[in-house]
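Engineer: Just passing along the structure, written as structure tokens.
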Amino acid sequence: MQMPKPTPAHKQLARLLGDWKGEEKLYPSPWDPKGGPATGRVNNRASLDDFVVIQEYEQIRNGVSTFKGHGVFSYDPHQKCYCLHWFDSMGSPVNEFKGNFVNNVLTMTYQGAMGHNRTIMDFSKDGKYSFKMDMSQDGKEWKTFMEGNYMKE
């Protein structure tokens, strides 16, 4: 039996690969009433014969690590969408985001007990990407939770 190979859709995940560092802005929210600046560090590496990208994320504020996350990005050919399984230091159950690339922008959404979340990752500039996370109670009116701009290290 011949083993499957990553499809062109799987290969789009290569945009995420590498070590990234960037400045972030957190907006006031129930988790952080004041909001403020942070630094984000992201390590994305290919795994499982290039079918997935594994992400390690760390947020640093005032020199202290304040939040960590672990993500697994994949492509689901049956649903024809990208999936992100997200785990973090808040201790919540896994969040499963789904979405697609439109040109160089990957937009993914998740609906859970705390409402709706949307992530937007824009890879339109070489060696850089921007990230935005929005939140909504109803999935219609969105409020920005955080933004970041990262450069490849």
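The values are calculated or read from the model by the stated rules, or taken from the named source; none is laboratory data. Nothing here was measured: the structure is a model prediction, and the numbers come from that model. Heads up, the Cβs are rebuilt from the backbone with ideal geometry, glycines too, and the neighbour counts pull from every protein chain shown.
Engineer: Regarding region 117-124, can at least one residue be identified that is under 21 Å from Tyr75 (Cα atoms), hydroxyl-bearing (Ser, Thr, Tyr) and assigned to a loop (DSSP other than H, G, I, E, B)?
Structural biologist: For region 117-124, residues under 21 Å from Tyr75 (Cα atoms), hydroxyl-bearing (Ser, Thr, Tyr) and assigned to a loop (DSSP other than H, G, I, E, B): present.
Engineer: Does Arg61 meet the test of being buried (at least 16 other Cβ atoms within 10 Å of the Cβ), farther than 24 Å from Ser136 by Cα and modelled with pLDDT of 95 or more? Talk me through it step by step, then tell me what you get.
Structural biologist: Values: buried (at least 16 other Cβ atoms within 10 Å of the Cβ): no; farther than 24 Å from Ser136 by Cα: yes; modelled with pLDDT of 95 or more: yes.
No; evaluated as a whole, the condition is false for this residue.
Engineer: Another question, if that's okay. If a residue has to be more than 26 Å from Tyr82 (Cβ to Cβ) and either of a type in the set (Ser, Thr, Tyr) or surrounded by 13 or more Cβ atoms within 10 Å (Cβ to Cβ) (or both) to count, how many in region 10-36 make the cut?
Structural biologist: Residues in region 10-36 being more than 26 Å from Tyr82 (Cβ to Cβ) and either of a type in the set (Ser, Thr, Tyr) or surrounded by 13 or more Cβ atoms within 10 Å (Cβ to Cβ) (or both): 2 in total.
Engineer: Could you check region 10-35 and list, in sequence order, the residues that are in contact with a Phe, Trp or Tyr (Cβ under 9 Å, 6 or more places away or on another chain), at positive phi and in contact (Cβ under 8 Å) with a residue 24 or more places away in the chain?
Structural biologist: Matches in region 10-35: none.
Engineer: Could I ask something else about it? Taking the conditions exactly as written (closer than 20 Å to Tyr129 by Cα and either in a strand (DSSP E or B) or free of Cβ contacts under 8 Å to residues at least 12 places away in the same chain (or both)), does Gly91 satisfy them or not?
Structural biologist: no
Engineer: Starting from region 42-59, keep only residues that are closer than 16 Å to Met3 by Cα and part of a strand (DSSP E or B), then list their pairs with residues that are at pLDDT 95 or above and not polar (S, T, N, Q) whose Cβ atoms are within a distance under 6 Å, requiring at least 6 positions of separation or different chains.
Structural biologist: Short answer, once both residue conditions are applied: Ser47/Ile54; Val52/Val72.
Engineer: Can you tell me which residue is nearest to Ser74 (Cα to Cα) among those in region 37-55 that are among the hydrophobic types (A, V, I, L, M, F, W, C) and surrounded by 14 or more Cβ atoms within 10 Å (Cβ to Cβ)?
Structural biologist: Val52
Engineer: Okay, next question. From the list Asp76, Asp122, Asp126, which one is at pLDDT below 95 and either under 22 Å from Arg45 (Cβ atoms) or surrounded by 16 or more Cβ atoms within 10 Å (Cβ to Cβ) (or both)?
Structural biologist: Asp126
Engineer: May I pose another question? Just wondering, is there one or more residues in region 85-99 that are over 27 Å from Lys5 (Cα atoms), of a type in the set (Ser, Thr, Tyr) and surrounded by 12 or more Cβ atoms within 10 Å (Cβ to Cβ)?
Structural biologist: yes
Engineer: Out of all the residues in region 1-47, which are closer than 14 Å to Phe67 by Cβ and either touching a helix residue (DSSP H, G or I) at 6+ places or on another chain (Cβ under 9 Å) or aliphatic (A, V, I, L, M) (or both)?
Structural biologist: Within region 1-47, Leu26, Ala38, Val42 meet the criteria.
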